[in-house]
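What follows is one structure encoded as structure tokens, with my remarks underneath.
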Amino acid sequence: MTDSTVINTYFGDKTFPIDWEDGQRELFWVHDDLHIPNPVSPMYADIGGWWLKCDYMFRRFGTPFASDWIVKIINGYVYTAAVPATPGLHAEATEYGFRYTPRVPLDEEYASQIGAYLNWTLPHYAENFLHWWRERLRPEIERNFRRFDGYDMEAASLLELAVHLEDALDMHDRHWQIHWVLNFAQFSATMALNAAISEVRGEGDHSGLMGRLQSSTENRNWDAIAELWKMKEKIKADGGAVARAFERPTGTDVLRALQKTDAGRRFLSDDVETYQKVFGFKSMYAHEFSFTTWRENAAPILEAVRGYLESDYDFPTELRAVGDDLEAAKSEVTADVPAGAAREKLASALELSLRMNPLTPDHHFYIDQGTNARVRLVLIAIGRELVQAGVLDDPEDVMYLRYNELRAVMAGGYARDAKALVADRRDEREAAYALRPPDWVGTATEEAVAFPYLSLWGFPEKLLRKRPETEAEIIGLPASRGVVEGTAKVVLSAEEFDEVKKGDIVVCRMTSPAWVVLFTRISGLVTDAGGMASHPAVVSREFGLPAVVGTSDATRRINTGDRVRVNGSTGRVEVLA
């Protein structure tokens, strides 16, 4: 590995012990609370992780700063590290991780040589990817979805489902290859805009302005919200039994009430099931197989509509406000910039970045949500067959097996008691929830912290930020402007969505598109995870909610019922009482 100034090290302690393989201590491992804030299931760690195709991205683009992005499961939590692009490192797979050992001295010319290829090709990707996405790649994904959604898993035998799972994994691999080409092309466009802004407006913190410039008003996330709003408007106009059902206190109660009347059953069939077929492939956390999707359970959809009725959510006004703020940000970024080459460069970078903005929610819809959810549905179908055969107690138990363990169980070749193994794994995962995983482990060097994607996790700010001045102060990253005071509601599971009241300030580990149902009724947001470009930051800005992200420990230091002040402009949260 190349020499780089060591900023800090952490190799574990009694509260968070770590077993290290050769070559792992030297890497900078970040807790992936951005995607997987909870202890990970063995099945997802084996076959679902976003890191499984990172080597494809680095190989395709020829990145001089990394050759892979790998995982290490520590006490049940996902930690990832970028592997330097050094020909002298050799990888050997270990359980839930990799061991990297030097083989030959580093070729000092390698980085500059391969960097030339990256700089030569990357502008072409940034300029053309949106066309490729619309004309070729998204249609490819949609064709795959139609094939899988048309497969009758209820009529399939266990053997047929085993083969179907392999097809699902092939689809998963292909879609995540597309994901990383899209992600790198878009990320590069964003970085180019940031550089252009710094060039014309001077060095400094332009993160707030950059965040506003990442909004979009046409994407699948807004489409999903629009369809929920249409349901709300229909119910509001029609009244009757359906409207009365939505007076119940929770989405589950609404579902039961709808099932008791002819009008309610028609609404479930005509409106809700139609919504599920298109927008139901989401769950509380998309980067995991162990969370039930909206496709399987309609209660979260009904809870969203119930919340829209309660608040009389005005979708057109909300969308117009986002558009107005985006236009204001565009004007602000070019204000007082004199005509000339620098302004033209800024305008070009701005136009390219804005065109790419819809790809953030769209790729999440198609890949992070849609693809992972379809793999889950195949696994659950297999789980049902194994329950019927008496091999497992619950279809969800398949998530506690590893991939090859499941294949052996399906074929009858697993020599141990699968139920006992699942019980042990459940106990281990439950115990892991009591731990407090640190933000990072290993060796933090200047080189490692400069890895471009770490800004999504709030680095290097998390390494440099000051300690709170008082016990009542919590410091994070300023994600969405504004100051708000209100009652805190700590939300750690989807079951707690029903308990969020209008005006509450939600405190959580992380959000995903499934959490958007809460954004129409809350007044502010605080998260443990995330950086300026993370989901909670982007969506908070779109909804105009003050937000602080990347606090690391807000869910442990704030209790439901606390009176808190959230300053989304400074990144500080105060517990008032």
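Checking the conditions here, which among 381, 373, 349, 304 is small (Gly, Ala, Ser), in contact (Cβ under 8 Å) with a residue 24 or more places away in the chain, assigned to a helix (DSSP H, G or I) and more than 30 Å from residue 142 (Cβ to Cβ)?
349
Can you tell me which residue is least open to solvent (accessible area, probe 1.4 Å) among those in the stretch 293-331 that are touching a helix residue (DSSP H, G or I) at 6+ places or on another chain (Cβ under 9 Å) and among the acidic types (Asp, Glu)?
Filtering first and then ranking leaves 303.
Show the residue pairs meeting these rules: Cβ distance below 9 Å; 6+ apart or different chains; first residue within the stretch 111-130 and more than 16 Å from residue 58 (Cβ to Cβ) and of a type outside the set (D, E, K, R); second residue part of a helix (DSSP H, G or I) and open to solvent by 40 Å² or more (accessible area, probe 1.4 Å).
123/192; 126/192; 130/355
Confirm whether residue 355 is charged (D, E, K, R), at pLDDT 95 or above and surrounded by 15 or more Cβ atoms within 10 Å (Cβ to Cβ).
Taking the combined requirement at face value, the residue does not satisfy it.
Write out, first by first residue and then by second, each pair whose Cβ atoms fall under 6 Å of each other, whose residues are 6+ apart or on separate chains, and whose first residue, in the stretch 408-425, is within 19 Å of residue 162 (Cβ to Cβ) while the second is part of a loop (DSSP other than H, G, I, E, B) and at pLDDT below 95.
Short answer, once both residue conditions are applied: 408/414.
Could you grab me the full set of residues in the stretch 211-252 that are among the aromatic types (Phe, Trp, Tyr) and within 27 Å of residue 369 (Cα to Cα)?
Correct list: 222, 229.
Would you confirm whether or not the stretch 534-549 contains a residue that is part of a loop (DSSP other than H, G, I, E, B), open to solvent by 20 Å² or more (accessible area, probe 1.4 Å) and either modelled with pLDDT of 95 or more or more than 30 Å from residue 227 (Cα to Cα) (or both)?
No, the stretch 534-549 contains no residue that is part of a loop (DSSP other than H, G, I, E, B), open to solvent by 20 Å² or more (accessible area, probe 1.4 Å) and either modelled with pLDDT of 95 or more or more than 30 Å from residue 227 (Cα to Cα) (or both).
Name the single residue that is most open to solvent (accessible area, probe 1.4 Å) among those in the stretch 248-261 being in contact (Cβ under 8 Å) with a residue 12 or more places away in the chain and assigned to a helix (DSSP H, G or I).
Among those residues, the one meeting the criterion is 252.
Can you tell me how many residues in the stretch 164-191 are surrounded by fewer than 15 Cβ atoms within 10 Å (Cβ to Cβ) and more than 21 Å from residue 370 (Cβ to Cβ)?
0
Using the structure shown, decide if residue 245 is surrounded by fewer than 21 Cβ atoms within 10 Å (Cβ to Cβ) and either among the β-branched types (Val, Ile, Thr) or in contact with a helix residue (DSSP H, G or I) (Cβ under 9 Å, 6 or more places away or on another chain) (or both).
No.
If only one of 542, 461 is closer than 21 Å to residue 183 by Cα, touching a residue at least 60 places away in the same chain (Cβ under 8 Å) and among the charged types (D, E, K, R), which one is it?
Sole residue among the options that is closer than 21 Å to residue 183 by Cα, touching a residue at least 60 places away in the same chain (Cβ under 8 Å) and among the charged types (D, E, K, R): 542.
Considering each of 154, 160 in turn, give the residue that is open to solvent by 60 Å² or more (accessible area, probe 1.4 Å) and either touching a residue at least 12 places away in the same chain (Cβ under 8 Å) or under 23 Å from residue 356 (Cα atoms) (or both).
Sole residue among the options that is open to solvent by 60 Å² or more (accessible area, probe 1.4 Å) and either touching a residue at least 12 places away in the same chain (Cβ under 8 Å) or under 23 Å from residue 356 (Cα atoms) (or both): 154.
Is it fair to say residue 384 is among the basic types (Lys, Arg), modelled with pLDDT of 95 or more and in contact with a helix residue (DSSP H, G or I) (Cβ under 8 Å, 6 or more places away or on another chain)?
Yes; evaluated as a whole, the condition is true for this residue.
Of the residues 391, 398, 378, only one is surrounded by fewer than 22 Cβ atoms within 10 Å (Cβ to Cβ) and modelled with pLDDT of 95 or more; which?
Step by step, each of 391, 398, 378 is checked, and only 391 is surrounded by fewer than 22 Cβ atoms within 10 Å (Cβ to Cβ) and modelled with pLDDT of 95 or more.
The values are calculated or read from the model by the stated rules, or taken from the named source; none is laboratory data. All figures in this text were calculated on a predicted structure; none of them were measured in a lab. Positions of Cβ are backbone-derived with ideal geometry, glycine not excepted, and every protein chain shown enters the neighbour counts. All accessible areas refer to the heavy atoms of the entire protein, side chains included, with ligands and DNA or RNA removed. Shrake-Rupley method; radii C 1.70, N 1.55, O 1.52, S 1.80 Å.
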